[in-house]
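Quick notes on the structure that follows.
Every number here is computed from the coordinates shown, using simple stated rules; none is lab data. Given the structure is predicted, the values throughout are model-derived calculations rather than measurements. Please note: Cβ atoms are built from the backbone with ideal geometry, for glycine as well, and neighbour counts cover all protein chains shown.
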């Protein structure tokens with residue numbers, strides 16, 4: 001039995017029993033629920049609450065959003081809004097989380113908070129059906145299109161092996177703070193979507209990545225633009241048929257969330273949540289080899305919170 005077949009059978013067993021007991025690493029990641037406060041955490045892993053409430057508690061353990069956003073700064077929040085599917089399908093970032101992140105940015109003194117994605121489905125439908133357009137406006141943020149090539153500017157990826165250049169959305173190039181907010185889910189080509197994969201939504205030509213070693217291109221671009229903060233939504237997780245999914249049968253509820261400034265570390269932790277060895281996800285391994293971040297979670301200071 002290969003790894004994919006084992007993973008599929010394990011998922012089915014968990015769904016039949018109504019538990020996530022088959023996700024051994026999920027429990028190991030949260031094995032210590034004691035909250036402690038060393039000078040700095042490399043990663044916060046929280047589970048057991050609603051997405052917005054978990055974020056309140058997790059960001060507080062990092063000193064609050066004021067640790068990342070200063071008065072008068074312009075912030076870009078980049079969720080996954082790629083698909084014309086409703087929130088319960090878990091194809092996009094949970095709108096409750098996006099709303100709360102924006103509110104925290106304004107409370108920290110942000111001047112403007114912009115939200116966009118270069119969507120795969122029609123951008124107007126994706127923004128609406130996902131619930132993200134409404135929740136952004138409710139929080140006082142500005143929702144912006146990523147659907148026109150005119151919004152993107154050429155950049156050079158000086159350390160890229162496969163990806164030497166890219167067209168990046170002008171908001172990313174001009175903002176003071178970049179907050180990356182992917183949803184954790186399966187992906188047919190990349191195995192999993194997490195923080196590094198979510199950066200494909202800030203560039204124009206994604207097809208080049210798919211044609212020219214997707215995993216290497218993801219790692220190459222991760223070296224170019226590191227977000228100031230990464231927040232992985234793992235409240236509802238699409239564990240098959242990603243990245244768009246077919247129905248809610250593709251989704252399990254994990255009620256979890258991860259926060260870190262390190263994309264490699266947070267992607268490694270997210271992979272472990274659903275029983276993947278991080279080194280089995282090639283772009284995580286490649287990014288680690290490029291010294292973009294730390295793949296070994298044993299070397300990190302992790303605040304594990306169970307609500």
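Pick the calculated Cα Rg over 2.2 N^0.38 Å for this structure from [x] 0.92; [y] 1.15; [z] 1.38?
[x]
So if I average 1/r over every pair of distinct C-alpha atoms in region 136-246 and take the inverse, what Kirkwood radius in Å does that give? Walk me through the numbers before you get to the answer.
Working: mean 1/r = 0.0667 Å⁻¹.
Result for region 136-246 stands at 15.0 Å.
Once a ≥ b ≥ c are taken as the square roots of the eigenvalues of the Cα gyration tensor of region 161-307, is the result rounded (a/c under 1.5), prolate (a/b larger than b/c) or oblate (a/b not larger than b/c)?
Details: a/c = 1.45, a/b = 1.22, b/c = 1.18.
Rounded, since a/c falls under 1.5.
Please arrange 151, 114, 235, 127 by how many other C-beta atoms lie within 10 Å of their C-beta, fewest to most. List each step's numbers first, then the result.
Details: 151 17, 114 20, 235 23, 127 26.
Ascending number of Cβ neighbours within 10 Å: 151, 114, 235, 127.
Nearest 500 deg cm²/dmol is fine: what mean residue ellipticity at 222 nm does the chain get from its DSSP H runs of n ≥ 4 alone, each adding -39,500 (n - 2.57), divided by its residue count? Display every interim value, and only then the final one.
On the way: 12 runs with 104 residues, N = 307.
So the calculated ellipticity at 222 nm is -9500 deg cm²/dmol.
Taking square-rooted eigenvalues a ≥ b ≥ c of the alpha carbon gyration tensor, is region 196-248 rounded, prolate or oblate, where a/c under 1.5 means rounded and, failing that, a/b exceeding b/c means prolate? Let's see the in-between values first.
Working: a/c = 2.52, a/b = 1.34, b/c = 1.88.
Oblate.
Of the DSSP beta bridges with both residues in the chain, give the percent that are antiparallel, rounding to the nearest 5.
On the way: 22 of 42 bridges.
About 50 percent, rounded to the nearest 5.
Any chance you could run the full-extension gain for residue 67 through residue 149? It's 0.36 nm times the residue separation minus the Cα-Cα distance, nm to one decimal.
Numbers: separation 82, 0.36 × 82 = 29.52 nm, distance 3.35 nm.
Gain on extension, residue 67 to residue 149, equals 26.2 nm.
Figure the gain on full extension for residue 247 and residue 212 (residue separation times 0.36 nm, minus the Cα-Cα span) and round it to one decimal in nm. Don't skip to the end; give the middle numbers.
Numbers: separation 35, 0.36 × 35 = 12.60 nm, distance 3.06 nm.
Gain in length upon complete extension: 9.5 nm.
Relative contact order for region 100-255: what is it in percent, counting Cα pairs under 8 Å that are at least 6 residues apart?
Values: 237 pairs, mean separation 32.8, N = 156.
Result for region 100-255 is 21 percent.
In what order do 134, 100, 244 fall by count of nearby beta-carbon atoms within 10 Å, going from fewest to most?
Details: 134 14, 100 22, 244 19.
Least to most surrounded, the residues fall as 134, 244, 100.
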